[in-house]
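Visitor: Here it is, the structure, as structure tokens.
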Amino acid sequence: MKSNVPVKYSIKKTDKDLLLKWYHLLFLGRSLDERAPNYLKQAIGWSYHAPAAGHDGIQLAIGQMFRKNKDHLFPYYRDLQTCVAAGMTAEEIIYNGISRDADVAGGGRHMSNHFAKPEWNIHNVSSCTGNHTLHASGVGRAIKTYGEKDAVVISSQGESSVSEGYVYEAINGASNEELPVVFVFQDNGYGISVPKEDQTANRKVAKNFEGFKNLHILYCNGKDVFDSMNTMEEAVAWAKREQKPVLVHANCVRIGSHSNSDRHELYRDENELRYVREYDPLAKYRRLLLRYNRATEEELKEIEEKVKAEVKAAHKKGITAPQPTPESIYDFVIPEPYAADKYPDGLHNSEGEAKKFIEALNETLKAEFRHNPDTFIWGQDIANKDKGGIFNVTKGMQQEFGKKRVFNAPIAEDYIMGTANGMSRYNKDIRIVVEGAEFADYFWPAMEQFVETTHEYWRTKGQFSPNITVRLASGGYIGGGLYHSQTIEGALATFPGVRVVYPSFADDAAGLLRTSMRSEGMTLFLEPKALYNAPKAATPVPDDFEVPFGKARIRREGRDLTIITYGNTTHFCLEAAEKLAKEGIADVEVLDLRSLSPLDTDAIIASVKKTSRAMIVHEDKVFAGFGGEVAATISEVAFEYLDAPIKRVGSAFTPVGFNRILEAAVLPNTDKILQAAKEILEY
Amino acid sequence: MKKVGIFYSFRSVKTHQQVKKMIKLLGADNCEEVDADVATLEDFKKHDNYIFAVPTWFDGELPNYWDEYLPTIEDESFKGKKFAIFGGGDQKNYPENFVDGVGIMAEFIEERGGKVVGFTSTKGYSYEDSRAERGDQFCGLALDIENQAALSNERIEKWITDIQKEFSKKK
């Protein structure tokens, strides 16, 4: 008796079989929810459990409205009842709860109480609260792009997660792009112990969104089965009919603590605890069934007994189900990449016209868009008339491939990254390229989605691979100062689940980009923007060039010293090597890594064995930079071949100053490399 | 005149106290108390004039007992019947849905042809939004024990006087 939507379901008029089916689902969900803490007490598992009790009405409605393999559902960590109502079995719930290998969410890799079934489009989502709203918008974009009218995305979250900025980005995007997504806020009044008045000024957080265009907002009683069912029915129908987003705000109560690590009696008084128990949705539904003679006490008891037996049988299967094996940890870190068979070492002998770095990128992007019609690209400034990206890398693409495949993104890096993750869930053939930010320096707001995306393949045990190439214009030497000079591979290469490449020349840029765009999994593609138009980085580029990941390239052969480098500094190293040769000091080998992850350790070790001296040069800071990883690898594997300590050259441990004198003082250059090389050669 | 049917939850505390004051003013012989928790269709049918006690719960909801009773009477015609609604709300802590329950009940009654009486002025209250608001009036009596307890007796007395007149009017 709260929302203003058409009444399709009511205690008196709904078919009895359906009413009893709902009772079965509700009682099953509640039984599993109440059983969960026992597994922790017995040290079996389920060490994270966020009780669903009190959210039963809206969760039943979400689950019942979801159609497997048709719609997409993004449940959150309190959505046990949602997943049961969507059709997941007691066994599947318990396998996840106690983290068994048979867990359909991902074989016990994710935290307990994070129920999912990717096989049905019940997506496996993060614990970062509300983070999946961006993925929901991404799938919504795919549904719209592919013209599917009879499908909807349902994204569920607690009301406090709406305080996260990325939730606003997701809903703003769905509003702007008019995406068929139903966002459900389950409002139980608390974010763990933080009451909602400490989150936002409106008690009903959905009111914060009332100014959003194209967004239909519905309020309902999430504790009431019928109000919830009627509201979700209307929400889904409206989203499909209008092809626009809906926001459902469902008032719930949290009967238990936030989770098993929370003690709600520390901040809720007895009166509150009493009345939330009194408003138990399951008890209310049971009373209604009996009061209106829609079920007899015997019929309900029979269902309850049946559920008890169902849960008992599932429990038996659960505790005897195999655990995941320790050796399986390396499975599904990242998918096998595209096999670059045409150029297995990523080398060529083409002698045609030299192309600039930026031309190589532009032509490869276009070639791959012609090759795969399921390829998309978006980013800030990426397509407006003749402007194609902040540096014009995507020039002419929207004209050739249209606005559905090549389009601008809002100034919201997390949205760019998160919707890439989401859209790639729709279809395994989809390949997405994003300009992650105008400059690498502005990528940091997208970090939570970047990290999230690195988890997906492993967390789902290979069920979902985000097939994304993240391009970032990187590095300094353009007088850009602190916010147009950063090169951030030192931080980003620390994550498993993403490949990191950093070409120095046009041909490698083209070859690595092609391989990235044909591969499954995520690749971080770092572009040294100072080289986009630099003649020194221009090379002939075979039309079909491919560079495999993890294949370094000897850019200059030598005997006396190995310089390991990538990106901008490759060119300085080559200059330094030539000077040393001309001066008759040494014959230096320059090894261009091209890929940082995977790293071509074999090539590094082989070169060090030959020269017995090693120096690592990169533009990023020396302190905690990627060179430390390379140096440690050489020390571990090839220490006995070294005749001198390993040396590292890179940026000072400071930001990059805007003044050119400051910039030059911070960044590495040919002279600094020369000096360091002489020191190591003289050792 | 038939007895006024006063429907409220006998388990309630604040509402129960308010009802007792109203009965005193109306005269016990003129009233029949009905427990909304267990009310039947017959309880509803035997009256023409009603007082419904509808406090607002949570962020603007009916209490469970009303939610669970209304299906009993939802198919009845309310034509010719008069309803006076009152309910508690908290204008300070729940300003966005102050006495929404009164408004929700009024909508339910009016959709079925019943006449809602006993409108009161919104003057003297401070809130942001209310489903009970009709112009500068509430479609019932708003009582705020949490913040304006001292005004309750006076408000009840005036309201009872008003609804007595309404109940005694011919249809």
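Visitor: Kindly indicate whether A:E305 is farther than 20 Å from A:Y95 by Cα, among the charged types (D, E, K, R) and outside the structural domain of A:R459 (by TED's automatic domain parsing). So that I can check it myself, show each step before the final result.
Guide: Working: farther than 20 Å from A:Y95 by Cα: yes; among the charged types (D, E, K, R): yes; outside the structural domain of A:R459 (by TED's automatic domain parsing): yes.
Judged against the criteria, A:E305 is a match.
Visitor: Within the range A:232-250, is even one residue closer than 20 Å to A:N4 by Cα, outside any strand (DSSP E or B) and within 14 Å of another protein chain (Cβ to nearest Cβ)? Spell out the reasoning first.
Guide: Keep residues of the range A:232-250 that are closer than 20 Å to A:N4 by Cα, which gives A:232-242, A:244-250.
Now restrict to residues that are outside any strand (DSSP E or B): A:232-242, A:244-245.
Still in the running and within 14 Å of another protein chain (Cβ to nearest Cβ): none.
No, every residue in the range A:232-250 fails to be closer than 20 Å to A:N4 by Cα, outside any strand (DSSP E or B) and within 14 Å of another protein chain (Cβ to nearest Cβ).
Visitor: While we're looking at this one, here's another question. Could you tell me which of the residues A:G418, A:G389, A:G422 is out of contact with any Gly (no Cβ under 6 Å at 6 or more places or on another chain), outside any loop (DSSP other than H, G, I, E, B), outside the structural domain of A:W120 (by TED's automatic domain parsing) and not β-branched (V, I, T)? Can you show your working first?
Guide: Numbers: A:G389 fails: outside any loop (DSSP other than H, G, I, E, B); A:G422 fails: out of contact with any Gly (no Cβ under 6 Å at 6 or more places or on another chain).
So the residue among A:G418, A:G389, A:G422 that is out of contact with any Gly (no Cβ under 6 Å at 6 or more places or on another chain), outside any loop (DSSP other than H, G, I, E, B), outside the structural domain of A:W120 (by TED's automatic domain parsing) and not β-branched (V, I, T) is A:G418.
Visitor: Next up: Anything in the range A:586-601 that is of a type in the set (A, V, I, L, M) and either without any contact (Cβ under 8 Å) to a residue 60 or more places away in the chain or part of a loop (DSSP other than H, G, I, E, B) (or both)? List them, or say none.
Guide: Across the range A:586-601, the qualifying residues are A:A586, A:V590, A:L591, A:L593, A:L599.
Visitor: Okay, moving on. Provide a single number: the residues in the range A:655-675 that are touching a His at 6+ places or on another chain (Cβ under 9 Å) and part of a helix (DSSP H, G or I).
Guide: Going through the range A:655-675 one residue at a time, the tally reaches 1.
Visitor: Something else now. What are the residue pairs meeting all of these: first residue in the range A:135-152, first residue closer than 12 Å to A:N121 by Cβ, second residue charged (D, E, K, R), Cβ atoms under 7 Å, and 6 or more apart or on different chains?
Guide: Close Cβ pairs satisfying both conditions: A:H135/A:R425; A:V139/A:R425; A:A151/A:K70; A:A151/A:D71; A:V152/A:D71; A:V152/A:K240.
Visitor: In this structure, does A:A105 turn out to be in a loop (DSSP other than H, G, I, E, B) and in contact with a His (Cβ under 8 Å, 6 or more places away or on another chain)? First the steps, then the outcome.
Guide: On the way: in a loop (DSSP other than H, G, I, E, B): yes; in contact with a His (Cβ under 8 Å, 6 or more places away or on another chain): yes.
In short, yes.
Visitor: Taking only the range A:501-552 into account, find how many residues are crowded, with 24+ Cβ neighbours inside 10 Å and at positive phi.
Guide: Of the residues in that region, 1 qualify.
Visitor: For A:G191, all conditions in the list (1) of a type outside the set (V, I, T); (2) surrounded by fewer than 20 Cβ atoms within 10 Å (Cβ to Cβ); (3) more than 29 Å from B:K92 (Cα to Cα) hold save one; what is the number of the exception?
Guide: (3)
Visitor: Looking at the range B:41-58 only, could you name the residues that are surrounded by fewer than 17 Cβ atoms within 10 Å (Cβ to Cβ) and within 14 Å of chain A (Cβ to nearest Cβ)? Give the steps one after another, and end with the answer.
Guide: We begin by selecting, within the range B:41-58, every residue surrounded by fewer than 17 Cβ atoms within 10 Å (Cβ to Cβ); these are B:41-42, B:45-46, B:48.
Correct list: B:L41 only.
Visitor: Residues to consider are A:G87, A:G29, A:G45; find the one that is touching a residue at least 24 places away in the same chain (Cβ under 8 Å), buried (at least 23 other Cβ atoms within 10 Å of the Cβ) and in the same structural domain as A:D280 (by TED's automatic domain parsing). Quick ask: steps written out before the conclusion?
Guide: Values: A:G87 fails: buried (at least 23 other Cβ atoms within 10 Å of the Cβ); A:G45 fails: buried (at least 23 other Cβ atoms within 10 Å of the Cβ).
Result: A:G29 is the single residue among A:G87, A:G29, A:G45 that is touching a residue at least 24 places away in the same chain (Cβ under 8 Å), buried (at least 23 other Cβ atoms within 10 Å of the Cβ) and in the same structural domain as A:D280 (by TED's automatic domain parsing).
Visitor: Follow-up. Scan the range B:17-31 and report the pairs whose first residue is surrounded by fewer than 12 Cβ atoms within 10 Å (Cβ to Cβ) and whose second residue is basic (K, R) and outside any helix (DSSP H, G or I), with Cβ atoms within less than 9 Å and a gap of 6+ or a chain change.
Guide: Pairs found: B:D29/B:K3.
Visitor: Next up: Working only within the range A:181-221, note down all residues that are within 11 Å of chain B (Cβ to nearest Cβ), touching a Phe, Trp or Tyr at 6+ places or on another chain (Cβ under 9 Å) and part of a loop (DSSP other than H, G, I, E, B).
Guide: Across the range A:181-221, the qualifying residues are A:G189, A:R203, A:K204.
Visitor: I want to confirm something. Restricting to the range A:168-180 and keeping residues that are under 22 Å from A:P445 (Cα atoms) and under 21 Å from the mean Cα position of the chain (by Cα), which single residue is farthest from the other protein chains (Cβ to nearest Cβ)?
Guide: Ranking the candidates gives A:E177 first.
Visitor: A further question on this structure: Condition (residue is touching a residue at least 12 places away in the same chain (Cβ under 8 Å), farther than 30 Å from A:R287 by Cα and more than 14 Å from every other protein chain (Cβ to nearest Cβ)) applied to the range B:82-105: is it met by at least one residue?
Guide: First, pick out the residues of the range B:82-105 that are touching a residue at least 12 places away in the same chain (Cβ under 8 Å): B:82-105.
Narrowing the set further to residues that are farther than 30 Å from A:R287 by Cα leaves B:91-93, B:95-96.
Still in the running and more than 14 Å from every other protein chain (Cβ to nearest Cβ): none.
No, there is no match, as no residue in the range B:82-105 is touching a residue at least 12 places away in the same chain (Cβ under 8 Å), farther than 30 Å from A:R287 by Cα and more than 14 Å from every other protein chain (Cβ to nearest Cβ).
The values are calculated or read from the model by the stated rules, or taken from the named source; none is laboratory data. Since the model is a prediction, treat every value here as computed from it, not as a measurement. Cβ coordinates were reconstructed from backbone atoms using ideal geometry, including for glycine residues, and neighbour counts include every protein chain displayed.
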